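**Q** My structure is below; once you've seen it, I'll send some questions.
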């Protein structure tokens with residue numbers, strides 16, 4: 001996390017790391033950034049966009065509202 005580099009238009013302090021099933025997950029404004037195991041770490045693969053349902057997918061942008069507190 002200390003070595004994260006973000007574009008200058010984004011605030012580095014809005015990124016953090018959470019633990020998910022014993023693995024680290026990068027978040028932005030509390031929203032997990034994309035990772036879907038079945039993509040097999042293939043650049044550009046995005047099979048997870050249909051989970052949990054097709055068409056439901058948040059996009060991390062500068063104007064994104066923070067995730068609700070758990």
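**Q** Pick from region 11-31 the residues that are surrounded by 13 or more Cβ atoms within 10 Å (Cβ to Cβ) and in contact with a strand residue (DSSP E or B) (Cβ under 8 Å, 6 or more places away or on another chain): which of them is farthest from residue 64 (Cα to Cα)? Lay out the reasoning, then the answer.
**A** At the first step, the residues of region 11-31 found to be surrounded by 13 or more Cβ atoms within 10 Å (Cβ to Cβ) are 14-16, 25-31.
Of the ones still in play, those that are also in contact with a strand residue (DSSP E or B) (Cβ under 8 Å, 6 or more places away or on another chain) are 14-16, 25-28, 30.
Details: 14: 11, 15: 13, 16: 15, 25: 18, 26: 16, 27: 12, 28: 9, 30: 10 Å.
Ranking the candidates gives 25 first.
**Q** Here's something else I'd like to know. So in region 32-55, with the set limited to residues that are part of a loop (DSSP other than H, G, I, E, B) and within 15 Å of residue 67 (Cα to Cα), which one is modelled with the lowest pLDDT?
**A** In this case the residue turns out to be 34.
The values are calculated or read from the model by the stated rules, or taken from the named source; none is laboratory data. Bear in mind that the values here come from a model prediction, so they are computed numbers and not experimental data. Every residue, glycine among them, receives a Cβ derived from its backbone with ideal geometry; neighbour counts consider all protein chains shown.
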